[in-house]
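Down below is the structure, laid out as C-alpha cells.
The values are calculated or read from the model by the stated rules, or taken from the named source; none is laboratory data. Being a predicted model, the structure only gives us computed values, none of them experimental. Neighbour counts run over all protein chains shown; Cβ positions are idealised from the backbone, glycine included.
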Amino acid sequence: MKITDLKCAVIASSPVIRITTDEGITGWSQIETPKPYVQPQVLQLKDWIVGQDPRDVERVMRRIRVRGGFKPFGAAVSAIEHALWDIAGKAANAPVYRLLGGKVRDHVRTYRTLYQAEVPGGAEHTPEGYKRWAEYGKSLKGEFTLFKLPTAYHSSMVRDFPDYFYGDVQHDAPFPYPHKGVMTKEGMDHLVACVTAARETLGKGYNTAVDAGPGFMPLDALRFAKAVEHLHLMWVEDSITGDYSPYVNPGVYKDVTHHTTTPIHTGEQIYLRQNYMQLIESHAVNVIGPDPCDVGGIAELKWIAEHADLHGIAVAPHGTANGILGLGALVQMSATLPDNFIAFEYPARFEPFWYDITEGFDGMPVKNGLIEVPDRPGMGVDMIPSKAKKYLTEGDSDFFD
C-alpha cells in the first residue's frame, strides 16, 4: 500500500486532513479549530510522505517529525500521524486501540472545560458568577463529573478586576493570555473566593480542575495552590508556563509542586517525549496534559503517559478544540493508557453540523461523563463527503475529489 496524496481543507476554521492510498483507503484527522493557519504547514509535508506505506506509521513519522515544534508547530506532524493510524486500522479491519496494544478500559472518562461565555447570560468573574458557572455545568448533557474552570491569568479576570496584579493590562495583545506579574493581596483573595464558590456549588459527585495561567510568578502560584488545598481540586493547570509558551521551566514548577498538596499540572504546549523527560523525571508536576494533536501524535502521547506512570505522575490529555475527528483519536488512545489516566479534555468547541457531516458518533457520545470505546475500524470517525462539501471554501473545493 502506498500514500498517493495528502490534502488539507479548512472547515469552519478547523483544518481537516485527508490522506489517500492506492488501495482506496482514506485516513482522516483534524487540527484544533483556532489553527486555520496550519494548513500550509500540512501541505508542505506532502512530498515527504507520498509513496510511503501508511501502515508503517513510525517509518513515515521519522521522515517528518523533525519538522514540528512546540505548540502550535507540532500540529501538522501530529495530525498526519492520526490519519496514518486511521489508515492502518482500516487496513487491518481493526480499531486503532488494538494496534496500540489493546484497550485496558471499555469506557474512557472525559472532562469538560466550561468557558464563562457559554453560560446563558454570562458568568462574570465574581463568586456569584462562578456559582452560575457551576450550576450550568451540572445541567449539561453528558452528565460530566469533572469540569475545568478557566480563571486568573487564563481568563478576563485580569482585566475585569481592578488592580488584580502589578503589571500593565493589555486589551489588544496579538497572542493568547499575555499577562504576567505579581498579584495583589486583593487579587489573590478575589481569585480564591471565586474558585471556592464554584467548587462548593458543584458539591458532592463532581470535581473540578483550574486552568489558571500562564502568568503566575512562582510564589503566587504556591500561595494560590496552598490557599485552595482544602477544596481538593484535581489540578491547577499551566500556572507558570503553558499554552503557547515555547518552554517548560521544570525547575520552577518543582519549587511549587513539592510544597503543596494541590496537584500541579502542565504540558499541552510540549512537543515530543524528549521535552517531557526533565519534567517527569524530576517530579516537577503531579499531572501532565499533552495534546495528541500537538505532542507528535497518539503513539507519542502513549509513550509519554507510560513514562509518567513509572514516576507516579498522572495524565489528563488536552484537547479543547480538536473537533469531532480529534475526539475519535482521543477515545482510541485513552482506551490504551495506563492507570495514571484521569480523563481527557472533551473537544466541545465545534459546531453541531459536524455530527451531520461525519459518521461514528450519533450525537453527543458522553453519558455519565464517560464515552464507550467504539470498535469501528481505524479511529472510528469518518467524513461524509457528500454532506461536507457545502462547508468547503472556494479554495478547497477539490478536497474530496
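Is it true that some residue in the stretch 370-380 is buried (at least 22 other Cβ atoms within 10 Å of the Cβ), among the acidic types (Asp, Glu) and either modelled with pLDDT of 95 or more or outside the structural domain of residue 149 (by TED's automatic domain parsing) (or both)?
No, the stretch 370-380 contains no residue that is buried (at least 22 other Cβ atoms within 10 Å of the Cβ), among the acidic types (Asp, Glu) and either modelled with pLDDT of 95 or more or outside the structural domain of residue 149 (by TED's automatic domain parsing) (or both).
If residue 8 meets every condition in (1) in a strand (DSSP E or B); (2) closer than 27 Å to residue 248 by Cβ; (3) hydrophobic (A, V, I, L, M, F, W, C) apart from one, which number is that one?
Looking at each condition in turn, residue 8 falls short on (2).
Is it fair to say residue 326 is of a type outside the set (A, V, I, L, M, F, W, C), under 13 Å from the mean Cα position of the chain (by Cα) and either surrounded by fewer than 20 Cβ atoms within 10 Å (Cβ to Cβ) or closer than 26 Å to residue 244 by Cα (or both)?
Yes; evaluated as a whole, the condition is true for this residue.
Got a sec? Which of 55, 67, 105 is surrounded by fewer than 17 Cβ atoms within 10 Å (Cβ to Cβ) and not assigned by TED's automatic domain parsing to the domain that holds residue 201?
Numbers: 55 fails: surrounded by fewer than 17 Cβ atoms within 10 Å (Cβ to Cβ); 105 fails: not assigned by TED's automatic domain parsing to the domain that holds residue 201.
Criteria check complete, one pass: 67.
Give the number of residues within the stretch 171-221 that are in a loop (DSSP other than H, G, I, E, B) and within 12 Å of residue 153 (Cα to Cα). Can you show your working first?
Filtering the stretch 171-221 for residues in a loop (DSSP other than H, G, I, E, B) gives 171-181, 184, 203-206, 212-217.
Those left that are additionally within 12 Å of residue 153 (Cα to Cα): 176-181, 212-217.
The total comes to 12.
Looking at residue 355, is it over 17 Å from the mean Cα position of the chain (by Cα) and in the same structural domain as residue 116 (by TED's automatic domain parsing)?
yes
Does residue 248 satisfy being under 24 Å from residue 291 (Cα atoms) and of a type outside the set (Gly, Ala, Ser)?
So residue 248 fits the description; yes.
Need the failing condition index for residue 309 against (1) surrounded by fewer than 24 Cβ atoms within 10 Å (Cβ to Cβ); (2) in a loop (DSSP other than H, G, I, E, B); (3) not basic (Lys, Arg), just the number.
If we test residue 309 against (1) surrounded by fewer than 24 Cβ atoms within 10 Å (Cβ to Cβ); (2) in a loop (DSSP other than H, G, I, E, B); (3) not basic (Lys, Arg), just (2) comes out false.
State all residues of the stretch 43-80 that are in contact with a Cys (Cβ under 9 Å, 6 or more places away or on another chain) and either on the phi > 0 side of the Ramachandran plot or part of a loop (DSSP other than H, G, I, E, B) (or both); if no residue qualifies, say none.
Across the stretch 43-80, the qualifying residue is only 74.
Kindly evaluate residue 292 against the criterion of being more than 17 Å from residue 266 (Cβ to Cβ), in a loop (DSSP other than H, G, I, E, B) and of a type outside the set (S, T, N, Q).
no
Tally up the residues in the stretch 144-160 that are among the β-branched types (Val, Ile, Thr) and touching a Leu at 6+ places or on another chain (Cβ under 8 Å), please. First the steps, then the outcome.
Going through the stretch 144-160, the residues among the β-branched types (Val, Ile, Thr) turn out to be 145, 151, 158.
Of the ones still in play, those that are also touching a Leu at 6+ places or on another chain (Cβ under 8 Å) are 151.
So the answer is 1.
So, residue 139, is that one polar (S, T, N, Q) and in contact with a Cys (Cβ under 6 Å, 6 or more places away or on another chain) or not?
For residue 139, the condition - polar (S, T, N, Q) and in contact with a Cys (Cβ under 6 Å, 6 or more places away or on another chain) - is not met.
Residues being without any contact (Cβ under 8 Å) to a residue 24 or more places away in the chain and among the basic types (Lys, Arg): count how many of those fall in the stretch 370-401.
2
Listed here are the residues, each with its yes/no results for (1) part of a helix (DSSP H, G or I); (2) within 16 Å of the chain's Cα centre (by Cα).
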residue: 82; (1), (2): yes, yes
residue: 93; (1), (2): no, no
residue: 97; (1), (2): yes, no
residue: 102; (1), (2): no, no
residue: 110; (1), (2): no, yes
